[in-house]
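Every read-out reported here was derived from the displayed coordinates using simple, explicitly stated rules and does not represent laboratory data. Remember, predicted model here, so these are calculated numbers, not experimental data. FYI the Cβ positions are ideal-geometry reconstructions off the backbone, even for glycines, and counts take in every protein chain you see.
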Amino acid sequence: MKRIAVLTSGGDAPGMNAAIRAVVRQAISEGMEVYGIRKGYAGMVAGEIFELDSATVGDIISRGGTFLHSARYPEFAKLEGQLAGIEQLKNTVLKE
């Protein structure tokens, strides 16, 4: 089965929740598993990865900001931070 992950990074902007909802609904309609990552790259490294479904994103369109939240994580610019994120993805999104 194909899987994708969605995260938000940087400052909040109008329409982020609508975009997340659209990605999740479209991916599910194409038979994919969809994961959300809380707090951007910081959450990826910390393992804050969870499965998303239509019910999870059903009412987010009316909320401001991003329901996944975002956080600064300058360590992700370095190889060590990227490798830590990859390890977390291997346990969830990239699992066999």
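Tell me which trypsin sites (Lys or Arg not before Pro) from region 30-96 have a DSSP coil assignment and no more than 13 other beta carbons within 10 Å of their own.
Sparse-neighbourhood loop trypsin sites (Lys or Arg not before Pro): Arg63, Arg72, Lys78, Lys95.
Summing Lys, Arg as +1 and Asp, Glu as -1, what charge do residues with Cβ under 14 Å from the Cβ of Ser29 carry, Ser29 excluded?
0
What are the ³J(HN,Hα) couplings of region 11-27, residue after residue, when phi is run through the Karplus curve with 6.51, -1.76, 1.60 and θ = phi - 60°? Round to Hz, x for glycine and proline.
Along region 11-27, the couplings run x, 5, 9, x, x, 5, 5, 5, 5, 4, 4, 5, 4, 4, 5, 5, 4 Hz.
Would you mind working out the magnitude of the charge dipole of the chain relative to its Cα centre, with +1 at each Lys and Arg C-beta and -1 at each Asp and Glu C-beta, to the nearest 20 Debye?
140 debye
Provide the net charge surrounding Glu51, with neighbours chosen by a C-beta distance below 12 Å and charges set as Lys +1, Arg +1, Asp -1, Glu -1.
0
Among the lysines, select those whose C-alpha is under 16 Å from the C-alpha of Lys95, and discard any that sit fewer than 8 residues away in the same chain.
Output for Lys95: Lys2.
Hey, if you put +1 on the Cβ of every Lys and Arg and -1 on every Asp and Glu Cβ in the chain, which of Ala55, Ala5, Val23 ends up farthest toward the positive end of that dipole?
Among Ala55, Ala5, Val23, the one farthest towards the positive end of the dipole of the chain is Val23.
Which far-off residues, 5 or more places away or on another chain, put their amide H under 5 Å from the one on His69, with H placed in the peptide plane?
Long-range HN contacts for His69: Lys39.
Students often forget the sequence filter, so: which aspartates and glutamates lie under 16 Å Cα-Cα from Lys39 once same-chain residues fewer than 8 apart are removed?
Answer for Lys39, where 16 Å is the Cα cut-off: Asp12, Glu48, Glu51, Glu75, listed by chain and number.
Could you pull out every one of the aspartates and glutamates with an alpha carbon less than 17 Å from that of Lys78, ignoring same-chain neighbours closer than 8 positions?
Straight-line reach from Lys78, under 17 Å: Glu87.
Between (i) 17, 47, 31, 5; (ii) 16, 45, 27, 10, 1; (iii) 18, 54, 26, 3, which matches P(r) over Cα pairs in 10 Å bins from 0, in percent calculated for the structure shown?
Of the listed options (i) 17, 47, 31, 5; (ii) 16, 45, 27, 10, 1; (iii) 18, 54, 26, 3, (i) comes from this structure.
Let me check against my output: what whole-number percent is the relative contact order of the chain, with C-alpha pairs under 8 Å and at least 6 apart?
36 percent
For the chain, give me the percentage of DSSP beta bridges that are antiparallel, rounded to the nearest 5 percent.
45 percent
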